[in-house]
1. Given the structure, is K71 basic (K, R) and not in a helix (DSSP H, G or I)?
2. Taking L4 and the conditions (1) among the hydrophobic types (A, V, I, L, M, F, W, C); (2) in a helix (DSSP H, G or I); (3) more than 11 Å from the chain's Cα centre (by Cα), which numbered condition does it fall short on, given that it satisfies the others?
3. Taking the stretch 44-68 only, how many residues are within 16 Å of K21 (Cβ to Cβ) and either assigned to a helix (DSSP H, G or I) or under 10 Å from the mean Cα position of the chain (by Cα) (or both)?
4. Suppose we filter S87, S70 for residues that are within 18 Å of H2 (Cα to Cα) and either open to solvent by 30 Å² or more (accessible area, probe 1.4 Å) or not aromatic (F, W, Y) (or both); which single one remains?
5. Search the stretch 62-74 for residues that are in contact (Cβ under 8 Å) with a residue 24 or more places away in the chain and pair each with any residue that is assigned to a helix (DSSP H, G or I) and open to solvent by less than 70 Å² (accessible area, probe 1.4 Å) when their beta-carbon atoms are under 8 Å apart and the residues are at least 6 apart or on different chains.
6. In the stretch 1-35, how many are among the polar types (S, T, N, Q) and open to solvent by 80 Å² or more (accessible area, probe 1.4 Å)?
7. What pairs come up if the first residue lies in the stretch 1-19 and is among the basic types (K, R), the second is surrounded by 10 or more Cβ atoms within 10 Å (Cβ to Cβ) and assigned to a strand (DSSP E or B), and their beta carbons are under 7 Å apart, counting only those six or more places apart or on different chains?
Amino acid sequence: MHCLKCEIILRCTGVKSLKEKRSILKKVISRIKENYNVAIIESDCNDSREFITIGVSALSDSKDFLYDLSKKIEEYIEDTFQILVVSEDVEIF
């Protein structure tokens, strides 16, 4: 059994308040949970209006599946929400 631990930093431009950022974040988290069988949380940048850091984890028998899953989630965020992915730190163990 392998475990995916992924930290994704997103940049939201044009966000005027933390309330607006939280609204965007809730949509991102709920849609990712609906479409992919992963656990996801906001892990950092709580007081920043411009940046969102989310943590994603998943389990699988295949390392390749987990790596592909992390890339699919990154592409999904960029394509669906028009949010820039600044960095992605993927660990599979």
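1. Values: basic (K, R): yes; not in a helix (DSSP H, G or I): no.
When the stated conditions are applied, K71 does not pass them.
2. In the conditions (1) among the hydrophobic types (A, V, I, L, M, F, W, C); (2) in a helix (DSSP H, G or I); (3) more than 11 Å from the chain's Cα centre (by Cα), L4 misses (2) alone.
3. Going residue by residue through the stretch 44-68, those that are within 16 Å of K21 (Cβ to Cβ) are 44-54.
Filter once more, so that each one left must be either assigned to a helix (DSSP H, G or I) or under 10 Å from the mean Cα position of the chain (by Cα) (or both): 52-54.
Adding up the residues that qualify gives 3.
4. S70
5. If the second residue must be assigned to a helix (DSSP H, G or I) and open to solvent by less than 70 Å² (accessible area, probe 1.4 Å), the pairs left are I73/I32.
6. Result for the stretch 1-35: 2.
7. Close Cβ pairs (under 7 Å, with a partner that is surrounded by 10 or more Cβ atoms within 10 Å (Cβ to Cβ) and assigned to a strand (DSSP E or B)) amount to K5/S57; K5/E91; R11/F51; R11/L84; R11/V86.
Residue-by-condition table, conditions (1) modelled with pLDDT of 95 or more; (2) of a type in the set (A, V, I, L, M):
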| position | (1), (2) |
| --- | --- |
| D47 | no, no |
| I52 | no, yes |
| V56 | yes, yes |
| Q82 | no, no |
| V85 | no, yes |
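The values are calculated or read from the model by the stated rules, or taken from the named source; none is laboratory data. Just so it is clear, the model here is predicted, and its values are computed rather than measured. Backbone-built Cβ (ideal geometry, glycine too); neighbour counts: all protein chains shown. Calculation scope for accessible area: heavy atoms of the full protein, side chains included, ligands and nucleic acids excluded. Shrake-Rupley method; radii C 1.70, N 1.55, O 1.52, S 1.80 Å.
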